[in-house]
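The values are calculated or read from the model by the stated rules, or taken from the named source; none is laboratory data. Since the structure is predicted, the reported quantities are computational estimates derived from the model, not experimental observations. Heads up, the Cβs are rebuilt from the backbone with ideal geometry, glycines too, and the neighbour counts pull from every protein chain shown. These accessible areas exclude ligands, DNA and RNA; they are computed on the full protein's heavy atoms, side chains included. Shrake-Rupley method; radii C 1.70, N 1.55, O 1.52, S 1.80 Å.
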Amino acid sequence: PYVNTKDILEKANKEYYAVAAFNINNLEFLQAIVEGGIEKKSPLIIETSEGAMKYAGMGDPLRGASLFVKMVREFADSLDIPIALHLDHGKNFKYIISAIKAGYSSVMIDASDKPLEENIKTTKDIVRIAHAAGVSVEAELGKLAGIEDNVASAESVLVNPDEAKYFVEETQVDFLAPAIGTSHGAFKFKGEAKLDFDRLKKVKELTKMPLVLHGASSVVQEMVEIAENYGADFGGSKGVPSDILKETVRLGINKVNTDTDLRMAFVAGLREFLQNNPKEFDPRKYMETAKTYVKKVVSDRLELLGSANKA
Ligand SMILES: O=C(COP(=O)(O)O)N(O)CCCOP(=O)(O)O
Ligand SMILES: [Zn+2]
């Protein structure tokens, strides 16, 4: 069934596991993610960024939002696993309202680059509107970027746990993304992978609410090797190692944003197939390997996060 993200995350919070939030921009990634969720009997959070809404709507975000709601509901309404649709990194009021109007389960208001009081004011505005429409809300505190040698790197601002407690009390958001040293993309760490577990522990103790990890892709070596075998150059790529990811779940992360790992799996499969099948031009054929690899990465992650058989 199509459900509210909050229902999925409240259960995960109570039972101390995490649910992956997979980003999509098209049909093929959605098909592969849903197949993984069915195989693992796992709840799924499908999420789209504002860029995805523009991409699918050919420049019109409301059309993009409505297209994604229809696609996701078509799958969700016919399956036993709970599936939610979330707007990821909502920054533009028009896009956030478009997602709410179109029927998204939840929206993120990302005002983390604003001073605290402004982040609170903006977030309160969105919470009031979203909650009136039965939509749950995610917000972010601190800024995504890496940690190098135990020092937060220049652009990163790690979450302040006391601020987090004040923030959630003031805003009444449903789930919170505390920045603890991850960053988006495939190049998260120059040296050793390090996250600030102490801050995470404190935020959980102080807020007790479902928490979100952004920039949580692991950069799956198997896929990097296949892709590089067929012409990709992913040199220097490094993600969040599985053991570190598992530790964040143990410490209270319940929603794990995953985009890069799916992108790399898809392009590895695409490169492999195209190189080996020079005569093929049927998209139902040449995207098959790509979808299979995405499904594999999805299934492995659902298992790792502990949401398998929790549907
Ligand atoms: O946290 C993540 C993904 O992290 P990852 O890169 O580690 O997968 N996300 O919120 C995904 C952000 C995708 O935005 P865009 O469509 O503009 O590229
Ligand atoms: Zn993110």
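Taking the Cβ-Cβ separation of residue 101 and residue 246 as r and a Förster radius of 25 Å, what is the calculated FRET efficiency to the nearest 0.05? Please list the in-between numbers first.
On the way: r = 38 Å, r/R0 = 1.52.
Approximately 0.10, to the nearest 0.05.
Based on alpha-carbon centroids, what's the gap between the range 48-82 and the range 199-277 in Å, whole number please?
23
What translational D, rounded to a whole number of µm²/s, comes out for the chain from Stokes-Einstein when the hydrodynamic radius is the Kirkwood one over Cα pairs, at 25 °C and 0.890 mPa s?
In µm²/s, the coefficient is 126.
Could you grab the Rg to Rh ratio for the range 63-217? Cα atoms only, Kirkwood for Rh.
My calculation puts Rg/Rh at 1.00.
How big is the shadow of the Cα convex hull of the range 248-311, averaged over all directions, in nm²?
Averaging across all directions leaves 5.2 nm² for the Cα convex hull.
When N is the residue count of the range 168-211, what does its C-alpha Rg come to as a fraction of 2.2 N^0.38 Å?
It is 1.38.
Could you work out how far apart the two model spin labels at residue 279 and residue 58 are, taking each label as a point 7 Å from the Cα in the direction of the beta carbon, and quote it in nm?
Taking the simple label geometry, residue 279 and residue 58 are separated by 3.5 nm.
Regarding the range 132-257, what are the three Cα extents along the principal axes, ordered largest first, in Å?
Principal-axis extents of the Cα atoms in the range 132-257, largest first: 50, 36, 25 Å.
Put 174, 196 in order of accessible area, largest first, 1.4 Å probe: what do you get?
Most to least solvent-accessible, the answer reads 196, 174.
Enumerate by residue number the trypsin sites (Lys or Arg not before Pro) in the range 229-311 meeting two conditions: DSSP loop (anything except H, G, I, E, B), and at most 10 other Cβ atoms within 10 Å of the site's Cβ.
Numbers: sites: 238, 246, 250, 255, 263, 271, 279, 284, 285, 291, 295, 296, 301, 310; in loops: 279, 310.
Hits after loop and neighbour filter: 279.
Hey, got the dipole for the range 174-303? About the Cα centre, +1 on K and R Cβ, -1 on D and E Cβ, debye to the nearest 20?
400
Can you tell me how the range 190-311 classifies by the Cα gyration tensor, rounded, prolate or oblate, using a/c under 1.5 as the rounded cut?
prolate
Order 201, 11, 121 by their accessible area, 1.4 angstrom probe, all chains in place, largest first.
The ranking, largest first, comes out as 121, 201, 11.
I need the semi-axes of the equivalent ellipsoid of the range 90-148: take the C-alpha gyration tensor, multiply each eigenvalue by 5, square-root it, list largest first in whole angstrom.
22, 13, 9
Note the full-extension length gain between residue 27 and residue 303 as 0.36 nm times their separation in residues minus their Cα-Cα distance, in nm to one decimal. The partial results should precede the final answer.
On the way: separation 276, 0.36 × 276 = 99.36 nm, distance 2.33 nm.
Fully extending the segment from residue 27 to residue 303 adds 97.0 nm.
Do any chymotrypsin sites (Phe, Trp or Tyr not before Pro) in the range 1-70 lie in a DSSP loop with no more than 15 other beta carbon atoms within 10 Å, and if so, which?
16
Would you mind giving the average projected area, over all directions, of the Cα convex hull of the range 8-90 in nm² with one decimal?
Across all orientations, the range 8-90 yields a mean hull projection of 5.4 nm².
First check a/c for the range 1-142, with a ≥ b ≥ c the square roots of the eigenvalues of its C-alpha gyration tensor; if it is under 1.5, answer rounded, and if not, answer prolate when a/b is larger than b/c or oblate otherwise.
In terms of gyration-tensor shape, oblate.
Among DSSP beta bridges whose residues both lie in the chain, state the antiparallel percentage, nearest 5.
That works out to approximately 10 percent antiparallel.
Between their Cα atoms, which of 188/255; 143/246; 14/202; 14/143; 54/204; 6/94 are more than 29 Å away from each other?
Beyond 29 Å: 54/204.
Over the chain, with every protein chain in place, what whole percent of the accessible area is carbon and sulfur at 1.4 Å, could you tell me?
Numbers: 7010 of 13480 Å².
Its accessible area is 52 percent carbon and sulfur atoms.
Using the heavy atoms of the protein chains alone and a 1.4 angstrom probe, what is the accessible area of the range 26-185 per residue in square angstrom? Each step should come with its number before you reach the end.
Values: 6560 Å² over 160 residues.
Accessible area per residue: 41 Å².
Out of all DSSP beta bridges in the range 96-238, what portion is antiparallel? Express it as a percent rounded to 5. List each step's numbers first, then the result.
Values: 3 of 13 bridges.
So the antiparallel bridges in the range 96-238 amount to around 25 percent.
Excluding residues on the same chain fewer than 8 positions from residue 114, give the aspartates and glutamates whose Cα lies under 20 Å from its Cα.
Straight-distance partners of residue 114: 50, 88, 125, 138, 140, 155, 162, 163, 169, 170, 174.
From the helices alone, meaning DSSP H stretches of at least four residues, give me the mean residue ellipticity at 222 nm for the chain, per-run term -39500 (n - 2.57), in deg cm²/dmol to the nearest 500. Don't skip to the answer; put the middle values down first.
On the way: 13 runs with 154 residues, N = 311.
Result for the chain: -15500 deg cm²/dmol, rounded to the nearest 500.
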